[in-house]
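S.K.: Encoded as structure tokens, here's the structure I'll be asking about.
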Amino acid sequence: MVRSLRGRLIVLLVLLVAAAGAAGMLMVGLFRQSATAQAGRAEAEIGSACNAMIDAYRSYSSGLGGASVELNNDALRRDLTAVVRTALRGRPRIEGGIWQADARSLAYAFPTYQGSGPKTDVPQAELPRIQAVNQAALAGNRQASSRYDAPSQVLLLTACPLPGPIPNLTAWTMTRVVTLAGSGYRLLMTGLGVLFGAVLAAAALLTRLTMTWSRHVAGIETALQAHDIAELPTLPATGERELDRIVMALNDAGQRLAEARRRADQLARQVATGERLAAIGRVAAGVAHEIRNPIAAMRLKAENAMAGDLLRKNSALAMMLGQIERLDALVRRLLSMAERETLNRAPVALKPFLDSCLSPHLELARSKALALECVADSEEPSFDPDQMRRALDNLVLNAIEAAPAGTAVVITARHDHENLVISVRDEGSGPDAKIRDHLFEPFVTGRADGTGLGLSIVREVAAAHGGSARLSSCQAGTVFEIVVPWRPS
């Protein structure tokens, strides 16, 4: 099914040419049928004329009685010519005469001849055909007819026996039906000319319309492709009313889209500000919670040590140093999240890099009866290896903590379209569904001994590379992915 405007116009042009051809054929067919009908009417008229000659000759021969007649008598020829003229008077375009087998033409007349003078001689060109039709009528003793078709006309002949005292006598009539001349032919040619001209004009109009629309549509398409979809260009008018309505609608849509984009950017800034404030609030609450517990423990130990002996004081100091170390680690991790370090991108061989990321965790994995595996493409993407190692350390440690004994933790790096995808997979049950939507926010954790900062560091590293971090699957195990551009643009 043709769906494009150009295709539909071409189909319309083909249908127009086909309809014009069919109409032309119909006109020619009707003209030919009209010519055939004319020939039929003319044939009936010359037959009637031949019968009229029989009647006129019968009246003439009744006055002769039984007297013998000499065929070479001039008076006889004049009388027979008068008989023919009388029978054919008032019959346009019909000529005829009386034929005798031995003496041949005895009389001839063409009363309606339109020439400069009366025509009195039998047409020599048709003489053999006149003789043939008279011989046929005489041999069969009945009316005989002949038809001779030519490119421009049809010649019709009829002969009939004449009963009377003169033996072997026949009357004949002849007429011509012109098929390719006259007003009918001129009308046909005029009609065909008008039809042909109309088809040419329609074809030229459709061709121009198709080319014009195709050019304007191509211009609109080029203009739209040259701009980002969020910034529709202002399209110029084409001069075609229907296309200009589309152009005006596109321009209006572009203006409304630009305005909507400005409003969306404003709302996005407001939402981002709100999210930052909310995140700051959550971080502040988490930091307060993380700091409050060690301070409360140190305070309790210090109060107990004040009333105790030296051993209890030393024990309290050791416990307080441990809590101070815990607070220091918390501060260091917070600082690593807040600091925006400059990326030092470099081409990195993936397999050796992943092996170096797994090696510090081999002893911990063995203690938990876990296997560490890595799979990597042979290509070399570009990223900061130190920053990416920090992110992978957090993912691998989380996977070791979550994986059941006897299973494997698998780290994979692959080239996916224009991105590098690094995934860490374990066969654990994954994080609680309640916290999945906030996994990468600070202080969100599913473990009682966790700080909730590891995944937020992973997210910050991915964002610094222009990518993202995500929880990919929790069906057959847990998969965390870091997606960053394969090479920076």
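The values are calculated or read from the model by the stated rules, or taken from the named source; none is laboratory data. What you see is a predicted model, and the numbers here were worked out from it, not measured in a lab. Neighbour counts are summed over all protein chains in view; Cβ atoms, including those assigned to glycine, are modelled from backbone coordinates with ideal geometry. We work out accessible area using only protein heavy atoms, side chains counted, and drop any ligands, DNA or RNA first. Shrake-Rupley method; radii C 1.70, N 1.55, O 1.52, S 1.80 Å.
S.K.: So how much accessible area does residue 461 have, in Å² to the nearest 10, using a 1.4 Å probe?
M.R.: Looks like 10 Å² after rounding.
S.K.: In whole Hz and in residue order, list the ³J(HN,Hα) couplings for the range 100-111 that follow from phi through the Karplus curve 6.51 cos²θ - 1.76 cosθ + 1.60, θ = phi - 60°; x for Gly and Pro.
M.R.: Calculated HN-Hα couplings, in order: 10, 4, 8, 8, 6, 6, 9, 7, 8, 8, 9, x Hz.
S.K.: For residue 349 and residue 463, what is the calculated FRET efficiency with R₀ set at 35 Å and r taken between the beta-carbons, to the nearest 0.05?
M.R.: Working: r = 24 Å, r/R0 = 0.70.
My answer for the efficiency is 0.90.
S.K.: Highest mean first, what order results for 83-92, 397-406, 422-431 on Cβ atoms within 10 Å?
M.R.: Values: 83-92: 18.9, 397-406: 17.1, 422-431: 20.5.
Result, highest mean first: 422-431, 83-92, 397-406.
S.K.: Still on this model: Run the simple label-point estimate for residue 112 and residue 270 please: 7 Å along Cα→C-beta, distance reported in nm.
M.R.: About 10.0 nm separates the two model spin labels.
S.K.: Residue 315 versus residue 146, label points 7 Å from Cα toward the beta carbon: distance in nm?
M.R.: 15.2
S.K.: Still on this structure, I have one more. So what's the range 109-151 giving for Rg/Rh, alpha carbon basis, Kirkwood Rh from the mean inverse pair distance?
M.R.: Values: Rg = 13.2 Å, Rh = 12.4 Å.
That ratio is 1.06, to two decimals.
S.K.: Estimate the FRET efficiency between residue 471 and residue 261 by the formula 1/(1 + (r/R0)^6), using the beta-carbon distance for r and 45 Å for R0, to the nearest 0.05.
M.R.: E(calc), rounded to 0.05, equals 0.90.
S.K.: Would you kindly compute the Cα radius of gyration of the range 139-179 and its largest Cα-Cα separation (Dmax), both in Å?
M.R.: Expressed in Å, the Cα Rg and Dmax of the range 139-179 come to 13.1, 42.
S.K.: For the pair residue 207/residue 59, report the inter-label distance in nm, with labels modelled 7 Å from Cα in the Cβ direction.
M.R.: That separation, rounded to one decimal, is 6.8 nm.
S.K.: Once the piece of chain linking residue 434 and residue 226 is laid out straight, how much longer is it, given 0.36 nm per residue of separation minus the C-alpha distance between them? Let's see the in-between values first.
M.R.: Values: separation 208, 0.36 × 208 = 74.88 nm, distance 4.55 nm.
Result for the pair: 70.3 nm of gain on full extension.
S.K.: Hey, another quick one. Hey, how much of the P(r) for the range 376-434 falls beyond 16 Å, as a percent of Cα pairs? Working shown, then result.
M.R.: Values: 917 of 1711 pairs.
Roughly 54 percent, rounded to a whole number.
S.K.: Still on this structure, I have one more. Express in Å², to the nearest 10, the accessible area of residue 379 obtained by rolling a 1.4 Å probe over the protein heavy atoms while all chains stay in place.
M.R.: The accessible area comes out at roughly 90 Å².
S.K.: Oh, and also: With the Cα gyration tensor of the range 74-160 giving a ≥ b ≥ c as the square roots of its eigenvalues, does the rule (a/c under 1.5 for rounded; else a/b larger than b/c for prolate; else oblate) give rounded, prolate or oblate? Don't skip to the end; give the middle numbers.
M.R.: Working: a/c = 1.70, a/b = 1.06, b/c = 1.60.
Oblate, because a/c is 1.5 or more while a/b does not exceed b/c.
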